[in-house]
Amino acid sequence: MSQDLAKRKAAEAALAYVQAGRVLGVGTGSTVNIFIDLLAESGLAGKIKGAVSSSNASSERLQKIGVPVLDLNSTGELSIYVDGADESNPKLQLIKGGGAALTREKIVAAASEQFICIVDRSKQVEVLGRFPLPVEVIPMAQAYVARRIEALGGQPKLRQNVITDNGNQILDVHGLAIHDAVALETEINLITGVVCVGLFARRGADVLIVGTPEGAQIIK
Ligand code: 5RP
């Protein structure tokens, strides 16, 4: 319950970054769902030009509140992208993909000037990796990629009964303590068959909003 309130406080604080008349990038997950609900409650949903969404689930939720969902190919650069995370370290490098939307999330983040990440305190860690690192893979390469990741010291497990919005599978990599997130992101990205790794280190968050039941802390 207090975690829900903390998520709500983070989502509320993110509303201050939303600009009327602009296209908003919107991520995926329970914290983002609260943010979308607040867009409706605050009246901002009717003031933005539309949104680019990182998942079918968020697109549906945005459409339900009357926000036009736009194709990133037609919008150009976005001013802000609001999304949650599974972990954040003090450099604002993230693990994402708990909701299997990491590839589109990384694309929308890359195409946005500012990435505003909304979390509760449980997501803050000193060293990334306690949360299993999601890796989206082309299905026929899943076993090959798993062997390559084992060689890097991780323990990949195929996420059961999950197919991503892109038609791919997810390996969740356990047992990592990620001290050089940029290097590991690059290394995993280079494995043939990997579509995307859920490490957001080369392009981490620009602003981390950490919600607590009492309020929100903004870290830049
Ligand atoms: C989805 C994500 C989410 O941002 C992440 O899983 C956090 O979700 P929640 O806000 O439900 O804790 O990366 O792919």
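Remarks
- Of all the numbered requirements in (1) within 15 Å of the ligand (Cβ to nearest atom); (2) touching a Gly at 6+ places or on another chain (Cβ under 6 Å), Leu176 misses one, and that requirement is (1).
- Residue that is farthest from Asp86 (Cα to Cα), among those in segment 1-60 that are among the basic types (Lys, Arg) and within 12 Å of the ligand (Cβ to nearest atom): Arg8
- The residues in segment 25-50 that are farther than 13 Å from Arg61 by Cβ and either crowded, with 21+ Cβ neighbours inside 10 Å or of a type in the set (A, V, I, L, M, F, W, C) (or both) can be counted, and the count is 3.
- Pairs with Cβ under 8 Å, 6+ apart, first in segment 168-184 and over 17 Å from Val125 (Cβ atoms), second assigned to a helix (DSSP H, G or I) and β-branched (Val, Ile, Thr): Asn168/Thr103; Leu171/Val145; Leu171/Ile149
- Scanning segment 151-184 for residues that are within 17 Å of Arg202 (Cα to Cα) and surrounded by 21 or more Cβ atoms within 10 Å (Cβ to Cβ) returns Ile178, Ala181, Leu184.
- Qualifying residue in segment 52-64 (condition: at positive phi and modelled with pLDDT of 95 or more): no
- Among (1) open to solvent by 10 Å² or more (accessible area, probe 1.4 Å); (2) free of Cβ contacts under 8 Å to residues at least 60 places away in the same chain; (3) part of a strand (DSSP E or B), the one test that Arg148 misses: (3)
- Residue match in segment 118-141 (condition: open to solvent by less than 10 Å² (accessible area, probe 1.4 Å), in contact with a strand residue (DSSP E or B) (Cβ under 9 Å, 6 or more places away or on another chain) and under 25 Å from Ile48 (Cα atoms)): yes
- Residues in segment 86-106 that are open to solvent by 30 Å² or more (accessible area, probe 1.4 Å) and in contact with a Ser or Thr (Cβ under 8 Å, 6 or more places away or on another chain) were compared, and the one that is farthest from the ligand (Cβ to nearest atom) is Arg104.
- Only a single criterion out of (1) surrounded by fewer than 23 Cβ atoms within 10 Å (Cβ to Cβ); (2) in contact with a Cys (Cβ under 7 Å, 6 or more places away or on another chain) is not satisfied by Gly76, namely (2).
The values are calculated or read from the model by the stated rules, or taken from the named source; none is laboratory data. All values reported here derive from a predicted model rather than from experimental measurement. Every residue, glycine among them, receives a Cβ derived from its backbone with ideal geometry; neighbour counts consider all protein chains shown. Remember, those area values only see protein heavy atoms, side chains included, never the ligands or the DNA or RNA. Shrake-Rupley method; radii C 1.70, N 1.55, O 1.52, S 1.80 Å.
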